[in-house]
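The values are calculated or read from the model by the stated rules, or taken from the named source; none is laboratory data. What you are looking at is a predicted structure, and each value in this text was computed from that prediction instead of being measured. Here the Cβ positions follow ideal geometry from the backbone for every residue, glycine too, while neighbour counts run over all protein chains shown. Please note that ligands, DNA and RNA were not included when accessible areas were found on the heavy atoms of the full protein model with its side chains. Shrake-Rupley method; radii C 1.70, N 1.55, O 1.52, S 1.80 Å.
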Amino acid sequence: IQDSTHKSTATPASNDESIAARAILNSTRLFSFHNIMSPEDIEKEEELNRLKRRLAARAYHFPGNSWWQDWMQYLSNTHTVLGLFFHHPLHPLKMQERLVILFGSIAIGLTISNMTYLYFIHNDYGADEELFSLNSRHSKYTGIPEISVTKVMITLWTLGSFLHTVFDLGLWHMKACTLCRYGGLVDEKLARMGRLVGLFIVLVVMGVGGYAVLLRATLEYKGEGSVSEEVEESIKNNEIYDMDVEDKRSFRFLLGYLVEFVLALFVYYPIAVTILFSGVLGCNGRVPLLGGRPREVKKELLHLQKKNESTILRTLKSKGSEEVKGNADDASSYGRADSFDYFDEN
C-alpha cells in the first residue's frame, strides 16, 4: 500500500518534470536549428518577413513588377472590398480582419455624415440650405436632374472625407500592426493588442453611428405621427432623446449614402490611388509622402545595391583561416543587420 501510494503521489511530479524536460529540449533544438541555418536560408526568411512587412505598409512597388503589375497588386491588396477576395496569400490582413475594416469604414461614414447633419441642426446652421446648384441651365438638354449643393454636402466632401480617410488608414495600420513588423521580427503581443483595440474601436463607432442613424431617421419622417419636432428640440437643448420602438422613421437617406459609398470605393478611390501611385504630386519621387511608385523604385535599387555589397563582404570574409566560424558569424550578422537597415519602408 505504501509503495502504491508513493507511486501515485510521485507520478504527477515526474510527469511535470518530463514535460519541462521536453520543453527545454525542443527550445534547445529550435535554437540550434537557427544557429545552423545557412546564409541562403536566413536570406529567404528575411525576404519573407520583409515581404509581409511591406504588404502591411501598403507598398507601391515590389521587385520585378512592371507599372501595371504594381498598380494591380496595390489595388487588390488595399481596396476595402476587392481586397477581401484578391489580396496576396501572405498578406498579414486576412479575411476576418478585412471584414472588420469594411464594417468600420461603413460605420465611420455613417457616423460622420449623420453627426455632421445633427451638428448643423443643433447650431441652427441650415443643414438643407442650398449654396449653389449644378447643371441648372443644361438639365433640359442633358436629361440630368439639377443637383442642389448644401452646406452639409460641402462639409462632408471636405472635412468628412478627410476624417474618413484618416480613420481608415489608422484602422488599417492598427489591424496590420505595421509598426511592430520592423526589425525583421513580429511582436505578437503588439499584433494581438492592435487587433483587439481595432475591433473595440469599430464596435464603439458602430454603436455611435447606429444611434445617429436612428435619430436622423426620426427627424426625416414628416408624416402622420411624426416626432421630428420633439427630436429637433432635444438636439438643440443638448438633451439625449429617449428612443422609442414605436417612433416612425424614414431611412431613405441611407440610399443616398449607399450610392456615395459605392462611388467612393469603385470610382473615386481608384482615381485617387492612380494619382498617388504615379508620383505626379511628388515630383517624380522627390517628395516623401507623395513620391508614389517612382520613389519606392529608387529605394529598392538602393536596397539591392547595399544587399550586393554585404554579399561581397561575406564572401571575402569566408575565405579567411577561420572559415567555419566566419560563416556562422557572417550569417548571424547578415540576418540581423545587413538586409533591411538601409531600406526605408515608407
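Each other residue within a Cβ distance under 14 Å of ASN238 adds +1 if Lys or Arg and -1 if Asp or Glu, for a net charge of -3.
Quick check on the stretch 146-221: take the gyration tensor over C-alpha atoms, sort the square-rooted eigenvalues as a ≥ b ≥ c, and tell me if it's rounded (a/c under 1.5), prolate or oblate. In terms of gyration-tensor shape, oblate. For the stretch 53-68, putting each phi into the Karplus relation 6.51 cos²θ - 1.76 cosθ + 1.60 with θ = phi - 60° gives couplings of 5, 6, 5, 5, 7, 6, 5, 7, 9, 10, x, x, 8, 7, 4, 5 Hz, in residue order, rounded to whole numbers and with x for Gly and Pro. Among the chymotrypsin sites (Phe, Trp or Tyr not before Pro) found in the stretch 51-127, those both in a DSSP coil and sparsely packed, with 16 or fewer other Cβ atoms within 10 Å of their Cβ, are TYR125. Is the stretch 162-263 best put as rounded, prolate or oblate by its Cα gyration tensor, with a ≥ b ≥ c the root eigenvalues, rounded for a/c under 1.5, and otherwise prolate when a/b is larger than b/c, oblate when not? Prolate is the answer for the stretch 162-263, as a/c is 1.5 or above and a/b outweighs b/c. Under a 5 Å amide H cut-off, with hydrogens placed 1.01 Å from N, THR150 pairs with LEU131 among residues at least 5 apart or on other chains.
Our coupling estimate for the stretch 168-174, obtained by passing each phi through the Karplus curve with A = 6.51, B = -1.76, C = 1.60 and θ = phi - 60°, is 4, 5, x, 5, 4, 5, 6 Hz, Gly and Pro reported as x. Students often get this wrong, so check it: of LYS94/LYS299; LYS175/LYS298; LYS44/LYS175; LYS44/LYS299; LYS151/LYS175, which have C-alpha atoms separated by over 31 Å? Beyond 31 Å between Cα atoms: LYS151/LYS175.
Of the chymotrypsin sites (Phe, Trp or Tyr not before Pro) found in the stretch 249-315, those in coil by DSSP whose Cβ has at most 13 other Cβ atoms within 10 Å are PHE251.
Per-residue accessible area (protein heavy atoms, 1.4 Å probe) orders GLU130, GLU232 as GLU130, GLU232, starting from the largest.
Across the stretch 114-124, computed HN-Hα scalar couplings (Karplus, 6.51 cos²θ - 1.76 cosθ + 1.60, θ = phi - 60°) run 7, 5, 5, 4, 5, 5, 5, 5, 4, 9, 6 Hz from first to last residue, x flagging Gly and Pro.
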